[in-house]
Amino acid sequence: MAENTFMGVPREKITWAPVIDYTRCNYCLECAKFCPHQVYEIREEEPRLIVANPTNCVVFCRACAKTCGPDAISFPEKSRVLEAIKALRQEEGGK
Amino acid sequence: MSEKKPGLIMCVCTGKCPGFAKMDIWDFINRVRVELPVEYGFIHPQLCEEDGDRFLADFLKAHRKVMIAACAPNMQNKMFRDALAAAGMDLKTDFYPLDIRDLTTEEAFQKVADALADWEAQANG
Ligand code: SF4
Ligand code: SF4
Ligand code: SF4
């Protein structure tokens with residue numbers, strides 16, 4: 001990708017990524033298998049699955065959460081993230 | 001030929017995702033809409049987001065068969081099942097989900113061409 005922005009804001013400044021609830025996760029790894037963006041990393045040690053590359057996550061995507069049987073994946077609140085994007089865009093000079 | 005050609009929606013995960021990095025999405029969709037037996041082809045940025053749900057609900061009112069070229073079919077089945085059901089459409093015969101991630105433009109085009117032929121053959125028994 002030419003430049004890594006979303007809605008005019010650098011992607012790394014946007015806090016959209018899955019959060020794994022380890023009390024629910026059964027390490028079926030369906031989420032990691034689904035996501036093509038290398039957001040998740042499967043490891044030898046515990047926890048066997050981590051969100052390794054949060055900024056690879058497609059902003060406002062929740063697709064992997066739909067693969068998760070035990071409902072162990074959540075995301076930040078969309079309206080808050082949207083507000084933050086707008087504020088950052090203003091800071092960046094109203095692009 | 002069945003009487004109504006399907007519509008093709010390409011979904012690009014906001015267009016910012018590495019899954020489509022190897023392909024020129026514009027060349028892909030232009031070739032599909034001009035060369036293949038679809039009624040039309042177009043790009044939606046993020047079909048599984050809320051506005052995508054709203055769009056799909058509207059689109060499906062036309063009862064046109066739809067091929068969605070996007071992410072994993074099992075996931076698409078889960079994500080779009082309810083929208084198809086709400087429109088009174090049949091997930092098995094009116095919908096064809098296709099994974100076109102991590103392909104080149106040519107590979108993705110061929111995959112769609114083959115899938116359309118396969119779908120047509122299925123429809124004709
Ligand atoms: S899909 Fe859910 S349960 Fe399975 S590994 Fe991912 S977070 Fe854990
Ligand atoms: S929300 Fe989408 S992009 Fe993000 S980790 Fe899940 S499948 Fe990957
Ligand atoms: S439907 Fe699939 S390709 Fe489209 S935005 Fe959702 S996860 Fe990405």
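Solvent-accessible surface of the protein assembly as shown, taken per residue with a 1.4 Å probe and all protein chains present: 52 Å².
If the segment from A:TYR27 to A:GLU92 were pulled out straight at 0.36 nm per residue, it would be longer than the present Cα-Cα gap by 19.4 nm. Charging the Cβ of each Asp and Glu at -1 and of each Lys and Arg at +1, and nothing else, the dipole of the protein assembly as shown about its Cα centre rounds to 360 debye.
Within the range B:1-51, the trypsin sites (Lys or Arg not before Pro) that combine a DSSP coil assignment with at most 12 other C-beta atoms in a 10 angstrom radius are B:LYS4. If you plug the beta carbon distance of B:ILE43 and A:GLU41 into 1/(1 + (r/R0)^6) with R0 = 35 Å, you get a FRET efficiency near 0.70. Please report, as a whole percent, how much of the solvent-accessible surface of the range B:76-125 comes from carbon and sulfur atoms (probe radius 1.4 Å). Carbon with sulfur: 50 percent of the solvent-accessible area. Interface size, chains B and A: roughly 1500 Å² of accessible area buried, both sides included, 1.4 Å probe, rounded to the nearest 100.
The residues of the range B:37-60 listed by number as losing at least 40 Å² of accessible area in the complex, against the isolated chain and with a 1.4 Å probe, are B:GLN46, B:CYS48, B:GLU49. Centre-to-centre, using Cα atoms only, the range A:1-52 and the range B:26-42 are separated by 32 Å. Look at the dipole of the range A:8-83 built from charges on Cβ: of A:TRP16, A:GLN38, A:ALA72, the Cα furthest out on the positive end belongs to A:TRP16.
Rounded to the nearest whole Hz, the Karplus-based 3J(HN,Hα) values (6.51 cos²θ - 1.76 cosθ + 1.60, θ = phi - 60°) of the range A:51-68 follow the sequence 8, 7, 10, x, 7, 7, 5, 5, 4, 6, 6, 9, 4, 5, 4, 6, 8, 8, with x at glycine and proline.
The values are calculated or read from the model by the stated rules, or taken from the named source; none is laboratory data. Everything quoted here is computed from the prediction, not taken from an experiment. Every residue, glycine as well, gets a Cβ built from its backbone with ideal geometry; the counts of neighbours run over all protein chains shown. All accessible areas refer to the heavy atoms of the entire protein, side chains included, with ligands and DNA or RNA removed. Shrake-Rupley method; radii C 1.70, N 1.55, O 1.52, S 1.80 Å.
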